[in-house]
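Scroll down for the structure; my scribbles are underneath it.
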Amino acid sequence: MAEHAAEHAAYPVGLRLSGRRVVVLGAGQVAQRRLPALIAAGADVLLISPSATPSVEAMADTGEIRWERRRYRAGDLTGAWYALISTDDPEANAAASQEAEDHRVWCVRSDDAEAATAWTPATGHSEGVTVAVLTGRDPRRSAAVRDAIVEGLRDGTLAAPHHRSRTTGVALVGGGPGDPDLITVRGRRLLAEADVVIADRLGPRDLLAELPPHVEIIDAAKIPYGRFMAQEAINHALIEHAKAGKAVVRLKGGDPFVFGRGMEEAQALAEAGIPCTVVPGISSTISVPGAAGIPVTHRGVAHEFTVVSGHVAPDDARSLVDWPALAKLRGTLVVLMGVENSGAIAAKLIEHGRPADTPAAVIQEGTTAAQRRVDATLATLGETVRAEGVRPPAVIVVGDVVAVASPTRK
């Protein structure tokens with residue numbers, strides 16, 4: 001059997017193990033790596049081993065697998081469809097392998113691949129696609145090929161369009177704070193599959209240049225809105241393109257639901273009966289301060305952080321922010337869209353008790369090549385913003401965390 005396996009290539013096949021018995025002998029590192037995939041496949045897993053790693057033991061404690069704390073005995077593979085043999089006892093491995101051969105049970109051996117009746121490929125997954133790679137006796141090469149294929153599917157560089165079915169609709173994609181590498185894997189893949197992309201000014205623009213020529217790119221700021229208000233015009237465009245059978249991506253900066261009006265668009269799509277997928281994005285509220293060397297929380301310094309919009313001045317009747325309450329907090333305050341009102345915001349916080357010497361920083365165009373950080377105190381924030389010519393988009397951070405590390409200037 002071993003000689004035959006060495007002469008011929010393995011025949012690849014996908015095992016459907018849902019509800020079927022799988023026996024795993026040994027509960028060390030090999031089992032720890034392989035068990036999650038067996039559990040995900042829905043297999044009825046019986047683990048036989050006198051001891052287990054903490055991770056494997058946790059799987060048994062939560063009921064994901066059944067564990068019999070003992071050594072292998074003849075007959076353990078009765079009724080099994082598949083077996084994984086990974087004990088540290090060569091004699092037990094050989095006996096179990098022979099039992100698998102006698103009962104025609106597909107069997108993987110961690111100690112002797114040539115004595116097995118099956119090999120475990122390097123596997124990966126991307127949106128319903130399972131990639132399995134076998135390269136004979138070179139598992140590192142298998143893993144490298146697997147990683148290259150999965151990464152290509154995820155980031156769209158390896159085209160794999162749907163041919164039998166494709167769900168049209170709209171994906172609200174959070175593009176992250178600006179650096180194109182900070183969009184999520186799923187967001188990048190949906191961009192690669194889009195027919196139409198309606199993009200915000202603050203979305204990661206560099207990603208748009210990578211899209212194929214047939215993709216229609218629409219600048220949301222330039223949608224004619226005539227009888228519509230700007231947001232209504234965007235909603236209308238999303239609906240019309242989706243109704244035309246197009247796969248539409250609404251590319252937004254940061255996260256769609258953090259001051260991004262994403263819920264308004266999701267509600268409009270729901271009312272029109274258009275399927276909508278929400279893809280969260282990395283919010284600038286934490287990523288931009290982090291990129292500038294400022295942690296929004298830090299042990300012994302800040303146990304909370306609060307995010308507010310500063311697009312409406314504190315004394316404006318339209319403001320929904322309780323500035324007096326915020327002034328009494330001791331943690332970090334992160335203000336988005338607050339450049340224009342930075343002086344008024346600082347004055348209001350000081351008026352209601354926040355110390356005037358509280359450290360503050362403004363990070364303009366965070367995570368991009370143009371990022372810069374300007375430091376101040378709450379008392380000097382407004383004047384510093386004006387003197388330094390800070391422009392939106394910028395994130396304001398107020399709190400002792402600003403002084404935790406020396407400024408990182410770019």
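The values are calculated or read from the model by the stated rules, or taken from the named source; none is laboratory data. Owing to the predicted nature of the structure, the values given are computational and were not obtained by experimental measurement. Every residue, glycine among them, receives a Cβ derived from its backbone with ideal geometry; neighbour counts consider all protein chains shown. The area values use the complete protein model at the heavy-atom level, side chains included, leaving out ligands, DNA and RNA. Shrake-Rupley method; radii C 1.70, N 1.55, O 1.52, S 1.80 Å.
The residue that is least open to solvent (accessible area, probe 1.4 Å), counting only those in segment 167-194 that are within 17 Å of ARG154 (Cα to Cα) and among the charged types (D, E, K, R), is ARG189. For segment 80-101, the count of residues that are over 36 Å from the mean Cα position of the chain (by Cα) and of a type in the set (Val, Ile, Thr) is zero.
Confirm whether ASP155 is under 20 Å from LEU190 (Cβ atoms) and either modelled with pLDDT of 80 or more or not polar (S, T, N, Q) (or both).
Numbers: under 20 Å from LEU190 (Cβ atoms): yes; either modelled with pLDDT of 80 or more or not polar (S, T, N, Q) (or both): yes.
Against the criterion (under 20 Å from LEU190 (Cβ atoms) and either modelled with pLDDT of 80 or more or not polar (S, T, N, Q) (or both)), ASP155 qualifies.
Would you be able to say whether some residue in segment 262-270 is surrounded by fewer than 18 Cβ atoms within 10 Å (Cβ to Cβ) and in contact (Cβ under 8 Å) with a residue 12 or more places away in the chain? Quick ask: steps written out before the conclusion?
Filtering segment 262-270 for residues surrounded by fewer than 18 Cβ atoms within 10 Å (Cβ to Cβ) gives 263-264, 267, 270.
When the remaining residues are screened for being in contact (Cβ under 8 Å) with a residue 12 or more places away in the chain, the result is 264.
Among the residues of segment 262-270, at least one is surrounded by fewer than 18 Cβ atoms within 10 Å (Cβ to Cβ) and in contact (Cβ under 8 Å) with a residue 12 or more places away in the chain, which makes the answer yes.
Just so you know, in segment 334-363 the residues that are open to solvent by 10 Å² or more (accessible area, probe 1.4 Å) and under 24 Å from ILE282 (Cβ atoms) include one that is farthest from the chain's Cα centre (by Cα), and it is VAL339. It is to be established whether one or more residues within segment 60-83 are modelled with pLDDT under 90, aromatic (Phe, Trp, Tyr) and not in a helix (DSSP H, G or I). No, segment 60-83 contains no residue that is modelled with pLDDT under 90, aromatic (Phe, Trp, Tyr) and not in a helix (DSSP H, G or I).
Evaluate segment 321-338: report whether one residue or more is of a type in the set (Asp, Glu) and touching a helix residue (DSSP H, G or I) at 6+ places or on another chain (Cβ under 9 Å). No; the residues of segment 321-338 include none that is of a type in the set (Asp, Glu) and touching a helix residue (DSSP H, G or I) at 6+ places or on another chain (Cβ under 9 Å). The set of residues in segment 20-35 being in contact (Cβ under 8 Å) with a residue 12 or more places away in the chain and open to solvent by 60 Å² or more (accessible area, probe 1.4 Å) consists of ARG20, ARG21, GLN29, ARG34. Across segment 108-123, the number of residues qualifying as open to solvent by less than 30 Å² (accessible area, probe 1.4 Å), touching a Leu at 6+ places or on another chain (Cβ under 9 Å) and farther than 18 Å from LEU47 by Cα comes to 2.
Tell me the residue from ALA347, ALA370, ALA317 that is more than 29 Å from ARG201 (Cβ to Cβ), not polar (S, T, N, Q) and not in a strand (DSSP E or B), please. Walk me through how you get there before you give the answer.
Working: ALA370 fails: more than 29 Å from ARG201 (Cβ to Cβ); ALA317 fails: more than 29 Å from ARG201 (Cβ to Cβ).
Just one listed residue meets the conditions, ALA347.
Taking segment 228-278 as the range and being closer than 11 Å to VAL173 by Cα and part of a helix (DSSP H, G or I) as the test, only GLY262 passes.
Listed here are the residues, each with its yes/no results for (1) at pLDDT below 95; (2) open to solvent by less than 60 Å² (accessible area, probe 1.4 Å); (3) assigned to a loop (DSSP other than H, G, I, E, B); (4) of a type in the set (Lys, Arg).
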| site | (1), (2), (3), (4) |
| --- | --- |
| ILE282 | no, no, yes, no |
| THR285 | no, yes, no, no |
| GLY290 | no, yes, no, no |
| VAL296 | no, yes, yes, no |
| VAL308 | no, yes, no, no |
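Given the structure, is ALA148 out of contact with any helix residue (DSSP H, G or I) (no Cβ under 9 Å at 6 or more places or on another chain), within 30 Å of HIS8 (Cα to Cα) and either open to solvent by less than 60 Å² (accessible area, probe 1.4 Å) or at pLDDT below 80 (or both)? Judged against the criteria, ALA148 is not a match. In segment 69-87, the residue that is most open to solvent (accessible area, probe 1.4 Å) out of those that are under 17 Å from ALA41 (Cβ atoms) and out of contact with any Cys (no Cβ under 6 Å at 6 or more places or on another chain) is TRP81.
Within segment 332-350, residues that are farther than 10 Å from LEU381 by Cβ and at pLDDT 95 or above have Cβ atoms under 6 Å from residues that are open to solvent by 30 Å² or more (accessible area, probe 1.4 Å) and among the β-branched types (Val, Ile, Thr) in these pairs: LEU333/THR306; VAL334/VAL307, counting only partners at least 6 apart in sequence or on another chain. Residues in segment 88-107 that are surrounded by fewer than 21 Cβ atoms within 10 Å (Cβ to Cβ), without any contact (Cβ under 8 Å) to a residue 40 or more places away in the chain and under 20 Å from GLN32 (Cα atoms): ASP89, PRO90.
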